[in-house]
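J.: Here it is, the structure, as structure tokens.
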Amino acid sequence: MKHGRIVPPLALVLLWEALAAGAPPAPITPVAPVTPVGVSPEAPRYLSIGGKPRVLVGASADAACHFLPTADVPLLDMCNAGGKGPNDYRVLLPALHAEGLDKIRLWVALGTAKDAVNLPFAGDEKNQAQKNQDYFDRLRAVVATAQDLGMIVEVTFFALFAGGELTDERMRIAQKKIIEHTIEELWSFDNVYWEIANEPESQTVDPAVVAAWHEDMLATVAAFDSPARHPRLQRPHLVAVQPFTTAGGDRFVRHPQVAILNGHYTQVTDPPLDLGALQMARRYPNAPKVLGFNEGKITPLRGTAAPRRHRNGAVDPEPSLDAARAEAWEFLFSKGGILDHWGYVSNRGQPSPLVGEIRRQLSVLQGYMNGLPLARIETAASEEGQPPAWITAGLDSYPSGTLFWDPATSSQQYWAALQTDAQAASGRRFLLYSHHSTRRCLQDADFTATGCPGGFLPMGGYDARVWEPGSGKRYTASFAVDLGPHPGLFDVVWRRPADLQPLRQQTLAWRQGSCELPGCLVCSDPQKTACTVGLPGGYDFDVLLDIRQR
């Protein structure tokens, strides 16, 4: 992914003079075409990288790698351009790449930014005519560094913080200039896609007003990001939007210019806001759009903004990762295509071992997902929440409210499943990820058998309910399965999602009368006798079941 250089006008002048003088022209380096990252034609829920569908996973330390730290906003735990590692993007991006992560996010116009060095316009916020070239030079430098590393960059034009920004005409003119300036600086990069805005829908803005604003911004992008304006550009860059309401999601999931729908948080419950990332994935399980999850609870922090867990029945006061891992696996097993975890570099400036650990776990997840036959898999995700057809007994429907509460472990079992075509004679694959959690409650109250005492946390996440071996409580699994009409030999592996270490392995002879392999499970007639796979030894919190035909 190398960006080409535009031939300067002076070179054309010298070439003309050489030809006029009869001298042979000096060779000119060809100017390469720009083909931005696109959607996989064979698997439209994923981007195409290297000609193959691919899941993207990143861990953005906020979204301001091009910002300079200031006295008012020191960017203590965040990526920046201040020149000091590990926060400086010239240190952080290579570190993320070395850890196997390949996606970051950048904001261009941040609604709360007041320091002049971090504004896209020169001077104060009232001067919206003059471009702040130093600011855009830093933005371009970050994107170029990512490109050299083979990383994809999601460039978000706006992070809005006031509803009036969507209807003020003076602001509308400035917003269009921001889009123009950004595209003029970054159109030649093939590792970029655009997002219109971060959380443009709010409790106080009519979704119809946001939709109309989005349409105007999309038209502006189309005008400036086009081969007609930039002949080297082979096609426009992809565009994402981030709806917070089902009304917005329903509109833009059908929009021809929108390639990516982004969600934030696991569940959102803040009327009229009602569409979190996992709600979105379950609402649009078969839509031919790439789904992204690019903001959730932040590691390695503490408190409401951070992942939460109960450890052996008590709230763990220390920072933890289990809930962050759970939302990541569940989203990608719901056929999400892009995951960007909100992972800071430190905790209030103090190093944390969780920073490297969450990156390692996300890298494990990305590697696993990209080893699957992405062009052939389907998800069992749905708003109704019925278990996948290949699990005929042992798995409850996806929880809603207080349904399927387990009083012994004070948890509910959340899950997501993938599979290839069960009717195929060969190459079958059946996958289930499940975790035992509850939804988060207001004021960090505990979810119990009666639900949340004051209601759900509006921008939700999971409260992981972890039971370790010494607690005397364990989660177990036992599922009756149906692996299709054709016989086959299958490897059944239960794995620990944090590192993919196997917890139990066995071979299953499906619709076969015998099997000579050690410990082989023979399921000769599943219509008469249920074929059951299980993990009686138990697990702490989450588990992966992978059934693969040999």
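The values are calculated or read from the model by the stated rules, or taken from the named source; none is laboratory data. Remember, it's a predicted structure, so these values are computed and weren't measured experimentally. Note that each Cβ is placed from the backbone with ideal geometry, even for glycine, and that neighbours are counted across all protein chains shown.
J.: Considering only residues that are assigned to a strand (DSSP E or B) and either in contact with a Lys or Arg (Cβ under 8 Å, 6 or more places away or on another chain) or of a type in the set (A, V, I, L, M, F, W, C) (or both), which ones fall in the stretch 236-269?
T.: Across the stretch 236-269, the qualifying residues are 239, 240, 241, 260, 261, 268.
J.: Residues 46, 89: which one is of a type in the set (Phe, Trp, Tyr), buried (at least 21 other Cβ atoms within 10 Å of the Cβ) and within 19 Å of the chain's Cα centre (by Cα)?
T.: Matching residue, one of 46, 89: 46.
J.: Go through (1) at pLDDT 95 or above; (2) out of contact with any strand residue (DSSP E or B) (no Cβ under 7 Å at 6 or more places or on another chain); (3) of a type in the set (Gly, Ala, Ser) one by one and return the number of the condition residue 163 breaks.
T.: Just one mismatch for residue 163, condition (1).
J.: Can you tell me which residue among 522, 493 is touching a residue at least 12 places away in the same chain (Cβ under 8 Å), out of contact with any His (no Cβ under 8 Å at 6 or more places or on another chain), of a type outside the set (Asp, Glu) and under 21 Å from residue 420 (Cα atoms)?
T.: Result of the check over 522, 493: 493.
J.: So, one more: Any residue at all in the stretch 124-131 that is modelled with pLDDT of 90 or more and in a helix (DSSP H, G or I)?
T.: no
J.: Within the stretch 179-202, take every residue that is touching a Gly at 6+ places or on another chain (Cβ under 9 Å) and in a loop (DSSP other than H, G, I, E, B) and give me the one that is surrounded by the most Cβ atoms within 10 Å (Cβ to Cβ).
T.: Per the criteria, the residue is 201.
J.: While we're here: Cβ-Cβ below 7 Å, separation at least six or inter-chain, first residue in the stretch 79-90 and free of Cβ contacts under 8 Å to residues at least 12 places away in the same chain, second in a loop (DSSP other than H, G, I, E, B): which pairs?
T.: 88/81; 88/82
One line per residue, one yes/no per condition, for (1) in contact with a Lys or Arg (Cβ under 8 Å, 6 or more places away or on another chain); (2) farther than 21 Å from residue 404 by Cα; (3) of a type outside the set (Gly, Ala, Ser); (4) part of a loop (DSSP other than H, G, I, E, B):
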{"site": "426", "(1), (2), (3), (4)": "no, yes, no, yes"}
{"site": "463", "(1), (2), (3), (4)": "yes, no, yes, no"}
{"site": "505", "(1), (2), (3), (4)": "no, yes, yes, no"}
{"site": "515", "(1), (2), (3), (4)": "no, yes, yes, yes"}
{"site": "519", "(1), (2), (3), (4)": "no, yes, no, yes"}
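J.: Quick one: which strands (runs of 3 or more DSSP E) sit completely within the stretch 34-97 and have at least 3 residues that are closer than 30 Å to residue 351 by Cβ?
T.: In the stretch 34-97, the matching strands (runs of 3 or more DSSP E) lie at 56-60.
J.: Right, here's the next one. Restricting to the stretch 135-173, and then to whatever is small (Gly, Ala, Ser) and buried (at least 18 other Cβ atoms within 10 Å of the Cβ), can you tell me which residue is nearest to residue 209 (Cα to Cα)?
T.: 159
J.: Still on this structure, I have one more. Can you tell me how many residues in the stretch 233-289 are free of Cβ contacts under 8 Å to residues at least 40 places away in the same chain, among the acidic types (Asp, Glu) and farther than 20 Å from residue 328 by Cα?
T.: 1
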